[in-house]
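These notes are about the structure you will find just below.
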Amino acid sequence: MSTYRPDISQLFNAAFGVIPITYKVDNQAPNNGLVNYQSIPVKTYEAAKKMSWMGTPIMFPMKFKGGSYQYYKSTAVLAQKQLNDFELPPATMVDFRRAKNITKTQVLGSNGTVKEIYGFDDWQIRIRGLCLDTPNQSAYEQHLSLLPWEGLADSIEVLGELFIDKSIYRITLEDVDFKQAQGKENVIPFEITASSDEPLELVL
């Protein structure tokens, strides 16, 4: 059993410059997860979808769904590859942004513009996370499990409440960045830039 107990907030701050609110694991006493912030509603363990190996709640677990995906062989020929489900590490944050496709027309003799809304752009998704050593898998092995997904020439089916709430069922990975945490060989930060992909069969 691994005894590694990272301070997630410090690692996120070092890797991405953000300090998320986290559950700090106390090795001397059981962690009941009941943090008291006056102005912030806090959910208890009962609201968690699953638990991490450290005993902390994962409120919004996310997963790349396994299946048959396209990739390019070394001969530049498209082929099919079978991948298993990949659960994103528990220490993962996702940001969503979407713009509207708007045409603005200047109007003489009046203030402002006339707006014509033609539709919505793709969701722009930023996934930031930490591959950490666990009792069953090292940070480096988690990083290796993510690499086959980066090498696909296909959109990826995703599972998770944060995606389903926005009607996102598939995403296309546009950029993957693996960072180096100075002096921490058991931590590999990663950042994924992706966009939503709406399958044509759902529209039809």
Subject >> Filter result for T105 (open to solvent by 70 Å² or more (accessible area, probe 1.4 Å) and more than 26 Å from K179 (Cα to Cα)) >> reply: no
Restricting attention to the stretch 153-180, the residues that are in a loop (DSSP other than H, G, I, E, B) and crowded, with 17+ Cβ neighbours inside 10 Å number exactly 5
Flagged in the stretch 140-152 as of a type outside the set (A, V, I, L, M, F, W, C) and in a helix (DSSP H, G or I), in numbering order, are Y140, E141, Q142, H143, S145, P148, E150
Q) Any chance the stretch 96-105 includes a residue that's farther than 22 Å from D154 by Cβ and under 15 Å from the mean Cα position of the chain (by Cα)? A) yes
Of the residues in the stretch 53-102, those that are part of a strand (DSSP E or B), exposed (fewer than 14 other Cβ atoms within 10 Å of the Cβ) and of a type in the set (G, A, S) come to S68, A79, A99
>> Would you confirm whether or not the stretch 104-121 contains a residue that is of a type outside the set (G, A, S) and either at pLDDT 90 or above or closer than 20 Å to T193 by Cβ (or both)?
In response: yes
Those residues of the stretch 130-140 which are of a type outside the set (A, V, I, L, M, F, W, C), under 13 Å from E87 (Cβ atoms) and either touching a strand residue (DSSP E or B) at 6+ places or on another chain (Cβ under 6 Å) or open to solvent by 60 Å² or more (accessible area, probe 1.4 Å) (or both) amount to N136, Q137
F96: closer than 19 Å to E198 by Cα, touching a Leu at 6+ places or on another chain (Cβ under 9 Å), in contact (Cβ under 8 Å) with a residue 12 or more places away in the chain and of a type in the set (A, V, I, L, M, F, W, C), yes or no? yes
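The values are calculated or read from the model by the stated rules, or taken from the named source; none is laboratory data. Note that the structure is a prediction, hence the values are computed from the model and not measured. As a convention, Cβ positions derive from the backbone with ideal geometry for all residues, glycine included, and neighbour counts pool all protein chains shown. With ligands, DNA and RNA removed, areas are computed over all heavy atoms of the protein, side chains included. Shrake-Rupley method; radii C 1.70, N 1.55, O 1.52, S 1.80 Å.
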